[in-house]
Structure formats: C-alpha cells, structure tokens
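Please read the structure below before turning to the comments.
The values are calculated or read from the model by the stated rules, or taken from the named source; none is laboratory data. Everything numeric here is computed off the predicted structure, so don't read it as measured data. We place every Cβ from the backbone using ideal geometry, glycine too, and count neighbours over all the protein chains shown.
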Amino acid sequence: MKPQEWRPFEISPASYRGFPALLDEMIERAGLKTKAVYQGKVQGSDEEGQAVVTVRVGADPMVPEFKGTIVRAQEEGTANAIQTAAREAVRWVHAEISERLEDTPYRYLPQALFTQKAPGGECASLPP
C-alpha cells in the first residue's frame with residue numbers, strides 16, 4: 001500500500017472508552033433520540049498514520065434547541081483521532097443543550113473542556 005493512500009476504517013464507539021462513551025451517555029441523559037455516528041479514514045498505519053474522524057450527531061425533532069452537530073478531527077493514530085473528535089462533539093452538544101443537563105452529573109464537566117486555544121495562543125470560550 002502506498003503511504004499516500006487514504007483508506008476507510010471501521011469505528012465502533014462501544015470499543016472505545018473515554019470521550020465516545022461520555023458522548024453516548026450524555027446524549028442519553030439529555031433525552032435525545034439520536035446517536036453519534038463515526039466515520040474515519042487513515043493514511044498509513046492505524047497506530048502512527050494520519051487519521052481523520054468525523055462524528056455526526058443528528059438533530060432530534062422532539063428537542064428543537066438541538067440542531068445536531070458534525071465534528072471532524074485529524075490526529076496521528078486512529079485512537080487519538082476518535083478521542084479528539086468525540087471530545088469536540090461533547091463540547092458542541094453540551095453547548096447546545098446545557099439546560100437539559102442541569103440536573104445530571106454533566107453539569108460538572110470541567111470548564112477546561114469548553115475552552116480552546118485561539119490562533120494567537122489565548123484561550124477562547126465557546127458561546128453559551
């Protein structure tokens with residue numbers, strides 16, 4: 001296989017702990033009738049190659065304040081890309097439905113999760 005070739009890989013969030021599990025549980029606790037769907041491709045080996053993962057969390061017609069989100073992450077290694085994409089999806093889902101999570105343990109998610117580095121190195125918070 002040529003190193004420049006991208007190939008798709010299967011992603012089962014059930015086989016990954018960490019942010020994919022957190023995202024699934026948060027969606028369930030918020031009462032959303034949707035699931036996170038993962039797609040990925042890798043260039044090179046799964047462990048060391050460049051991987052791109054897209055996470056789609058569809059809108060729920062019964063929850064009009066949640067419009068759904070699509071997040072893409074590129075990292076070295078498939079496991080890192082999956083965790084990064086799921087972490088970003090947690091941030092965006094939480095930002096959209098934080099009121100639904102007020103009576104759940106997810107209200108305690110660390111503020112650091114919702115702060116990102118701006119291009120100049122400063123931190124910028126996500127909009128509420």
Within the stretch 19-53, the count of residues that are modelled with pLDDT of 90 or more, touching a Ser or Thr at 6+ places or on another chain (Cβ under 8 Å) and either surrounded by fewer than 17 Cβ atoms within 10 Å (Cβ to Cβ) or of a type in the set (S, T, N, Q) (or both) comes to 1
Per the filter on the stretch 55-83, residues closer than 25 Å to residue 32 by Cα and either of a type in the set (Val, Ile, Thr) or in contact with a Phe, Trp or Tyr (Cβ under 9 Å, 6 or more places away or on another chain) (or both) are 55, 56, 57, 59, 60, 63, 69, 70, 71, 82, 83
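This table checks each residue for (1) modelled with pLDDT under 90; (2) under 16 Å from residue 26 (Cα atoms).
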site	(1), (2)
55	no, yes
80	no, no
83	no, yes
88	no, yes
120	yes, no
Scanning the stretch 33-59 residue by residue, those under 16 Å from the mean Cα position of the chain (by Cα) and hydrophobic (A, V, I, L, M, F, W, C) turn out to be 36, 37, 51, 52, 53, 55, 57, 59
Flagged in the stretch 8-57 as of a type in the set (Lys, Arg) and without any contact (Cβ under 8 Å) to a residue 60 or more places away in the chain, in numbering order, are 17, 33, 35, 41, 56
In the stretch 9-32, anything assigned to a helix (DSSP H, G or I) and within 13 Å of the chain's Cα centre (by Cα) is listed as 13, 19, 20, 21, 22, 23, 24, 25, 26, 27
- [ ] With the condition kept exactly as written, say whether any residue in the stretch 12-25 is of a type in the set (Phe, Trp, Tyr) and touching a strand residue (DSSP E or B) at 6+ places or on another chain (Cβ under 8 Å).
- [x] no
Could you check, for the stretch 61-72, whether at least one of its residues is surrounded by 14 or more Cβ atoms within 10 Å (Cβ to Cβ) and touching a Gly at 6+ places or on another chain (Cβ under 8 Å)?
-> yes
Those residues of the stretch 27-62 which are in contact with a helix residue (DSSP H, G or I) (Cβ under 8 Å, 6 or more places away or on another chain), of a type in the set (A, V, I, L, M, F, W, C) and farther than 21 Å from residue 80 by Cβ amount to 27, 30, 32
**Request:** Please tell me if residue 79 is touching a residue at least 40 places away in the same chain (Cβ under 8 Å), under 15 Å from the mean Cα position of the chain (by Cα) and surrounded by 13 or more Cβ atoms within 10 Å (Cβ to Cβ).
**Result:** yes
